[in-house]
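Engineer: Before we start, here is the structure in question, set down as structure tokens.
The values are calculated or read from the model by the stated rules, or taken from the named source; none is laboratory data. Just so it is clear, the model here is predicted, and its values are computed rather than measured. When we count neighbours, we look across all protein chains shown, and the Cβ atoms used for this are built from the backbone with ideal geometry, even at glycine.
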């Protein structure tokens, strides 16, 4: 799913399945990014061109994140619900789907059971 410029709704993201399962020739930061008492954990990877992504896990719960840069969240495994700031509607995501979050915004993400695995790309 993605937000169409100027539109308030999310639409299917046909690029969602393009997330690779591995990233060669990157620098991995060993220190974990730990949020919400360990319920959300990620590791940062850096690319030679300066791009940055985080690879993470979200355990059951509901969490709010703010964004500085625009983000694309690809869900690799598990399921979650997402509500973008300024909206009241929750959208469901599972493996092979993605959503976009505008810069200087935020989102709520909820995992009911299991673990959601994701790749966050900073756009």
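Engineer: Please name all residue pairs, on different chains or six or more residues apart, with Cβ atoms under 7 Å, provided the first residue is in the range 84-97 and is in contact (Cβ under 8 Å) with a residue 12 or more places away in the chain and at negative phi and the second residue is surrounded by fewer than 13 Cβ atoms within 10 Å (Cβ to Cβ) and assigned to a loop (DSSP other than H, G, I, E, B).
Structural biologist: 87/8
Engineer: Test each condition in (1) within 23 Å of residue 22 (Cβ to Cβ); (2) surrounded by fewer than 17 Cβ atoms within 10 Å (Cβ to Cβ); (3) in contact with a helix residue (DSSP H, G or I) (Cβ under 8 Å, 6 or more places away or on another chain); (4) modelled with pLDDT of 95 or more for residue 114 and report the one that comes out false.
Structural biologist: So the condition that residue 114 fails would be (3).
Engineer: Would you mind telling me which numbered condition in (1) part of a loop (DSSP other than H, G, I, E, B); (2) over 16 Å from the mean Cα position of the chain (by Cα); (3) free of Cβ contacts under 8 Å to residues at least 40 places away in the same chain residue 37 fails?
Structural biologist: For residue 37, the failing item is (1).
Engineer: Follow-up question, since we're still on this one. Which of the residues that make up the range 70-84 are closer than 13 Å to residue 122 by Cβ and either buried (at least 16 other Cβ atoms within 10 Å of the Cβ) or modelled with pLDDT under 95 (or both)?
Structural biologist: 71, 72, 73, 74
Engineer: Kindly provide the set of residues from the range 34-44 that are in contact with a strand residue (DSSP E or B) (Cβ under 6 Å, 6 or more places away or on another chain) and loosely packed, with under 14 Cβ neighbours inside 10 Å, ordered by number. Can you show your working first?
Structural biologist: Residues of the range 34-44 that are in contact with a strand residue (DSSP E or B) (Cβ under 6 Å, 6 or more places away or on another chain), as a first pass: 34, 36, 39-44.
Of everything in the range 34-44, just one residue is in contact with a strand residue (DSSP E or B) (Cβ under 6 Å, 6 or more places away or on another chain) and loosely packed, with under 14 Cβ neighbours inside 10 Å, namely 34.
Engineer: Considering every residue within the range 46-61, establish whether at least one is surrounded by fewer than 16 Cβ atoms within 10 Å (Cβ to Cβ), within 25 Å of residue 88 (Cα to Cα) and out of contact with any helix residue (DSSP H, G or I) (no Cβ under 6 Å at 6 or more places or on another chain).
Structural biologist: Scanning the range 46-61, I find at least one residue that is surrounded by fewer than 16 Cβ atoms within 10 Å (Cβ to Cβ), within 25 Å of residue 88 (Cα to Cα) and out of contact with any helix residue (DSSP H, G or I) (no Cβ under 6 Å at 6 or more places or on another chain), so the answer is yes.
Engineer: Sticking with this structure for a sec: Residues being more than 11 Å from the chain's Cα centre (by Cα) and either within 17 Å of residue 44 (Cα to Cα) or in a strand (DSSP E or B) (or both): count how many of those fall in the range 68-105.
Structural biologist: Looking only at that region, the number is 8.
Engineer: Something else about it: Going by the structure shown, is residue 42 on the phi < 0 side of the Ramachandran plot, assigned to a loop (DSSP other than H, G, I, E, B) and modelled with pLDDT of 95 or more?
Structural biologist: no
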